[in-house]
Amino acid sequence: MNRNRTDLERERDAGQSAEAGLVRRAQGGDTDAFGELVAIYMQRCYYAALGMVGSPQDAEDLSQEAFVRAVRARARLDPDRPFYPWLYQILRRLCYNFTRDTSSRRKKLERAGGWLVAEATVRAASDDPERVRANEALRERLERAIGELPMAQREVFVLKEFEGLKYREIADLLDVPIGTVMSRLYAARQRLAARLEGLE
């Protein structure tokens, strides 16, 4: 049994009217109404973010952050306009900034690994061919070891060893407790030491 176009239009209009009511209530500070909007659009936001950033965990974090920001900006909601396009603009900016920042940080970390390798090579330079070969092997092993560090550990290692930041500066930059910085740095050094053991 086919439904005619008028039935579909009535359904759509009823849905828009219900959403407009939720938006008005949310604007007034009704957390239950905002919770209903979250329930309606969370999955859609998650999949949109996943398509932009590629990581399930990051997509979940970003879609949740979009709703947090939407709550803060609820005074700018327009009940006469659909909610999702407005929310999507918040999500899109978050994903764009995340991708840009992550890409920039990754490039910086990759360059930093090269700085350490270059410095180790210069320090160990020698005219002795046997020593040059040994140093080259050490350089390659070191480069691989740095590249295999988990990103969180590598980031802290680079900020400390290459940028010369203090623990507090790193904690503030990454918005993590100072103890987290110290534990990540310790773990990074332990992993590097284990990989390079016996090569000196």
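In this structure, is residue 127 modelled with pLDDT under 75 and either of a type outside the set (A, V, I, L, M) or not in a helix (DSSP H, G or I) (or both)? Against the criterion (modelled with pLDDT under 75 and either of a type outside the set (A, V, I, L, M) or not in a helix (DSSP H, G or I) (or both)), residue 127 qualifies. Criterion applied to 168, 111 was being assigned to a helix (DSSP H, G or I), modelled with pLDDT under 65 and open to solvent by 80 Å² or more (accessible area, probe 1.4 Å), and the one residue passing it is 111. Taking every residue in the stretch 174-200 that is over 14 Å from residue 159 (Cα atoms) and pairing it with any residue that is outside any helix (DSSP H, G or I) and modelled with pLDDT under 85, at least 6 positions away or on another chain, the pairs with Cβ-Cβ distances below 8 Å are 191/149; 192/149. Answer yes if at least one residue in the stretch 86-97 is polar (S, T, N, Q), open to solvent by 50 Å² or more (accessible area, probe 1.4 Å), at pLDDT below 80 and not in a loop (DSSP other than H, G, I, E, B), and no otherwise. Within the stretch 86-97 (the criterion being polar (S, T, N, Q), open to solvent by 50 Å² or more (accessible area, probe 1.4 Å), at pLDDT below 80 and not in a loop (DSSP other than H, G, I, E, B)), the answer is no, since none of the residues qualifies. Taken over the stretch 171-200, the residue count meeting the criterion of being in a loop (DSSP other than H, G, I, E, B), within 19 Å of residue 147 (Cα to Cα) and open to solvent by 90 Å² or more (accessible area, probe 1.4 Å) is 1. Within the stretch 76-85, being modelled with pLDDT of 85 or more, open to solvent by 60 Å² or more (accessible area, probe 1.4 Å) and assigned to a helix (DSSP H, G or I) holds for one residue alone: 76. Of all the residues in the stretch 55-66, those that are open to solvent by less than 60 Å² (accessible area, probe 1.4 Å) and either more than 19 Å from residue 85 (Cβ to Cβ) or modelled with pLDDT under 90 (or both) number 3. Looking at 69, 25, just one residue is open to solvent by 70 Å² or more (accessible area, probe 1.4 Å), closer than 25 Å to residue 101 by Cβ and either at pLDDT 85 or above or not small (Gly, Ala, Ser) (or both), and that residue is 69.
The values are calculated or read from the model by the stated rules, or taken from the named source; none is laboratory data. All values derive from a computational prediction rather than experimental measurement. Please note: Cβ atoms are built from the backbone with ideal geometry, for glycine as well, and neighbour counts cover all protein chains shown. Calculation scope for accessible area: heavy atoms of the full protein, side chains included, ligands and nucleic acids excluded. Shrake-Rupley method; radii C 1.70, N 1.55, O 1.52, S 1.80 Å.
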